[in-house]
Every structure is written in structure tokens, then in C-alpha cells.
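Read through the structure below, which is laid out as C-alpha cells, and then see the notes.
Please treat every number below as a calculation from the coordinates, not as lab data. Since this is a predicted model, take the numbers as computed values, not measurements. Note that we place each Cβ from the backbone using ideal geometry, even for glycine, and neighbour counts take in every protein chain shown.
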Amino acid sequence: MLDIRQVFAGYGRLAALKGINLSVQQGEVVFVVGPNGAGKSTLLKTIAGLMSPTSGEIIFQNALINGKAPEQLCRAGLALIPEGRHIFKTLTVEENLAVGAMIRRKSHARDQDLEQVLDTFPVLRDRFKGIAGHLSGGEQQQLAIARAILQRPALLMIDEPSLGLAPLVIDQVYESLRKLNSNGLTLLIVEQSTGRIMELASRIYVFRNGHVVLEGTPDKLSDGEAVEAAYFGFTDEAAA
């Protein structure tokens, strides 16, 4: 579904991605983990068209998408939930969800999907007419995910879904992601913490300083020692 081939990207003279190779297959949950400044958020911004790679190829659904505008990529089936959620806090939950469905043309299908989303996130049904800014952090994260789901993406990318949330709330968010994946949604998730990813991940990439320093499946990395060593720079072993 998604292939990143030798992608370089950065901010002026500062290189943030240095020859990244990464792939996501349909139905997978792929995690990118690493410390601050590793290039994780830059990767998602580059895939989503918010930044342009300086070299390399980004292939989505068998098409080269380098240089495509974010709105084109959204219509092609890419959805990004940025770090910090970025919901419209002065609008109601209902209005935020309507924004997510704006690119959809068939109102009947939109209504069906809205009901499914509200079943997946019952708190949003309870707070449907309420102001989004009055939701807790975890509820706002669920709203951001629900809004993106209403775009009917082929691939949903999420930057730091657990950021700033209490452990119990993180468990709830991850359970929602598990349900969405079990219903066929493909996920690419950036996290700084490695604590909860093993049970959900199909594959894991560890980033450091703009490079992939480790890649593997949870069973290959099940003891967590290899991930921790790569995360903190205790190994120079490059990903195969």
C-alpha cells in the first residue's frame, strides 16, 4: 500500500530524514518509534504532502505521490491526525465530524459511517451536541480519530496518539485503534513511548537521527531489549 524508498527530507539545510526505507502493507499496523528529533513527525508530514522530499520516492496505492498537494492525497485515501489532535475546539462534536465527512459525496453512506463511528466511540454520541473544546484530552483524541475515519481513508496516519494522556485513557484509545484495524483499517502510527505497541503492531521501525536503526515484527523483537537498545543508541546495527 505504501512504499518509502530512499527518502530524504528536511528543513532548509537541516536534514531530518536521511535515506528512509519503509513499507506498510494493507491491513497492517506499523509503528514508528524513537526519541525526540528522530524524524518521526517529519516522515508523516512528508507522506501527507505537508513537506516535499528532497529526493527519493513515496509510492501510495501503486502511484508516485511526490509533490502532490495534501487535499489531493486526502481524496486519494490518506488521512493524517497530527500531534496535538487539532480539532476545532469552538465547534460542536457534531460539527467537527461533519468537517471530516466533507469530501464524501453520498450522504446516505456518510450517515451510515457516522453511526458506525458513534458506536465505536460512544462518548462522542453522548457529547454529540457539546462543544469540542470541553472534551477531555482522551475524548478529543477519539474525536480526532473519528473525524479522520469519516474520510474513509485507506491509510490512517497518527502522530503520538498517547501524548499527554493518562495511562487508562491511553488504553482506551489503543483499544479503539485495535477495533478499527480489526475492521480492516490500515494504520501507520508514530509514538515516542514503546510501552503499548507490541500487542497491536504488525511491524515496528525504530528511528534515530533521521535513520531507520531497527525494523522487525513484534515476535522478532518481543523481549523489547533490541528496541530499547536501538531507541537509546546502544547499538549501531542498521535495519535489515
**Item:** Inter-part distance where the range 149-228 and the range 44-84 are each reduced to a Cα centre, Å
**Value:** 19
**Asked** Under unit Cβ charges (Lys, Arg +1; Asp, Glu -1), what dipole magnitude, rounded to 20 debye, does the chain have relative to its Cα centre?
**Response** 940
**Item:** Gain upon complete extension [residue 99, residue 55; 0.36 nm per residue less C-alpha separation]
**Value:** 12.5 nm
**Message:** Placing unit charges on C-beta atoms (Lys and Arg positive, Asp and Glu negative, everything else neutral), compute the dipole magnitude of the range 78-152 about its Cα centre in debye, rounded to 20.
**Reply:** 240
**Fill in**
Given pairs 45/68; 89/129; 18/45; 40/220; 45/220; 40/68 and cut-off 24 Å on Cα-Cα distance, the over-length ones are 45/220
**Prompt:** Quick one: if the Förster radius is 35 Å, what FRET efficiency do residue 69 and residue 89 give, using the C-beta to C-beta distance and rounding to 0.05?
**Reply:** 0.85
**Request:** Just rank 46, 186, 90, fewest to most, by other beta-carbon atoms within 10 angstrom.
**Result:** 90, 186, 46
**Request:** Please return the longest stretch of the chain lacking exposed loop sites, where trypsin sites (Lys or Arg not before Pro) count only if DSSP places them in a loop and at most 10 other Cβ atoms lie within 10 Å.
**Result:** 130-240
**Item:** Fewest-first sequence of 204, 131, 170 by Cβ atoms within 10 Å of each Cβ
**Value:** 131, 170, 204
**Complete:** Under the 7 Å Cα-to-Cβ spin-label approximation, residue 15 and residue 179 lie apart by a distance in nanometres of 4.4
**Message:** Suppose a student asked you for the relative contact order of the range 78-152, using Cα pairs under 8 Å spaced at least 6 residues apart; what percent would you report?
**Reply:** 53
**Request:** Sort 32, 93 so that the residue with the fewest other Cβ atoms within 10 Å of its own Cβ comes first and the one with the most comes last.
**Result:** 32, 93
**Request:** With a point put 7 Å past each Cα toward its Cβ, work out how far residue 198 is from residue 76 in nm, to one decimal.
**Result:** 3.7
**Item:** Equivalent ellipsoid semi-axes - Cα gyration tensor, the range 17-111, angstrom
**Value:** 27, 18, 13
**For the chain, the longest site-free run once GluC sites (Glu not before Pro) in DSSP loop states with at most 12 other Cβ atoms within 10 Å are removed** = 1-198
**Prompt:** Expressed as a rounded percentage, what relative contact order does the chain have, with Cα pairs under 8 Å and six or more residues apart?
**Reply:** 27
